1. Pick from GLY79, GLY98: which is of a type outside the set (S, T, N, Q), in a strand (DSSP E or B), in contact with a strand residue (DSSP E or B) (Cβ under 6 Å, 6 or more places away or on another chain) and surrounded by 22 or more Cβ atoms within 10 Å (Cβ to Cβ)?
2. Please work out if LEU87 is under 25 Å from ARG51 (Cβ atoms), among the hydrophobic types (A, V, I, L, M, F, W, C), out of contact with any Phe, Trp or Tyr (no Cβ under 9 Å at 6 or more places or on another chain) and assigned to a loop (DSSP other than H, G, I, E, B).
3. Just the residues that are assigned to a loop (DSSP other than H, G, I, E, B) and surrounded by 15 or more Cβ atoms within 10 Å (Cβ to Cβ), please, taken from segment 36-69.
4. Just checking, does segment 148-157 include any residue being at pLDDT below 95, more than 27 Å from ALA208 (Cα to Cα) and small (Gly, Ala, Ser)?
5. Out of segment 223-273, which residues are of a type in the set (Ser, Thr, Tyr), modelled with pLDDT of 80 or more and in contact with a strand residue (DSSP E or B) (Cβ under 7 Å, 6 or more places away or on another chain)?
6. If you check ASP50, ASP97, which single one turns out to be over 25 Å from TYR30 (Cβ atoms) and among the charged types (D, E, K, R)?
7. Would you call ARG184 surrounded by fewer than 16 Cβ atoms within 10 Å (Cβ to Cβ), in contact (Cβ under 8 Å) with a residue 12 or more places away in the chain, touching a Pro at 6+ places or on another chain (Cβ under 7 Å) and farther than 30 Å from PRO104 by Cβ?
8. Could we say that ARG178 is part of a loop (DSSP other than H, G, I, E, B) and either among the basic types (Lys, Arg) or surrounded by 24 or more Cβ atoms within 10 Å (Cβ to Cβ) (or both) here?
Amino acid sequence: MRTLIAAAAATAAAVLAPAARAGEPVLASYTAYFSGFSVAALDAAFALDDRHYRMVARMRTIGILAAFVTGEQTTEVEGTIRSGDALGLAPARYAMDGRWRDRPRRIAMAWPDGRPEVLALVPANTEERDPVPPELQHGTVDTLTAIAALLRRLAATGRCEGEAALFDGRRRTDVVARTEGEDRLEPHRWGVFAGPALRCSVEGRQVAGFRTDQDRAEAGRPRSATAWFARPAPDLPPIPVRIEAETGWGPVYVHLTRIGRGDLPVPTRQTRN
């Protein structure tokens with residue numbers, strides 16, 4: 001569930017790219033629900049100019065989940081705009097800092113030659129996962145960059161089609177997005193948006209970096225999510241206003257709760273460069 005919630009935060013940040021300008025970043029907030037209970041709070045900020053992008057996503061457990069699992073993490077990526085590149089975005093540095101069940105978790109990555117280089121990994125993969133082979137790291141990007149690139153295409157074309165190979169320092173995952181149609185979302189007490197929205201499906205499949213105690217067949221099974229995109233304000237591009245995603249325990253629902261402008265603080269990191 002931690003991976004799903006983090007991905008939802010990444011999605012929240014990514015699609016804001018076309019709206020951000022050289023000034024104050026765009027900031028969106030979301031709440032995730034499981035079995036009718038709030039389980040996580042998500043915030044995401046994005047800043048973009050003609051040459052660079054920066055994205056920050058922050059999440060923390062709340063409500064009933066926080067009573068059993070305390071966790072929070074902040075993820076940041078900086079990179080450049082490359083119009084000739086297949087994705088259109090190229091990451092330069094990526095970092096995730098957090099704590100789960102009172103244990104620190106940290107990832108830092110860079111792309112000095114276009115290939116991912118892991119600078120920090122806490123805890124080490126030897127404690128919990130099989131390493132991702134170098135050949136499966138080639139051609140990958142981080143989750144924030146991949147979703148940003150795929151969903152910037154949505155803002156330009158009105159469709160969701162796209163695919164990407166993701167590597168977060170621990171796992172390699174392949175993701176495919178497709179356009180499903182248009183819906184009219186009814187008002188909901190959990191969120192602030194109601195109205196017409198584009199429905200997109202996203203399917204992800206982990207191909208490497210499995211936990212040593214996992215059933216490989218089950219862990220490698222495709223997981224799906226549905227996201228609805230709409231303009232919550234006239235001066236904003238389509239952003240995710242609702243997300244439904246399957247987990248091994250049941251569906252998780254994510255609702256937009258606030259949209260505006262602002263930035264998110266980033267923890268001090270010894271591994272940043």
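The values are calculated or read from the model by the stated rules, or taken from the named source; none is laboratory data. Note that the structure is predicted; figures quoted are calculated from it, not measured. Cβ placement follows ideal geometry from the backbone for every residue including glycine, while neighbour counts extend to all protein chains displayed.
1. After applying the criteria, what remains is GLY79.
2. So LEU87 fits the description; yes.
3. The one that is assigned to a loop (DSSP other than H, G, I, E, B) and surrounded by 15 or more Cβ atoms within 10 Å (Cβ to Cβ): ILE62.
4. Among the residues of segment 148-157, at least one is at pLDDT below 95, more than 27 Å from ALA208 (Cα to Cα) and small (Gly, Ala, Ser), which makes the answer yes.
5. Across segment 223-273, the qualifying residues are SER224, THR226, TYR253, THR257.
6. Exactly one residue qualifies, and that residue is ASP50.
7. yes
8. In short, no.
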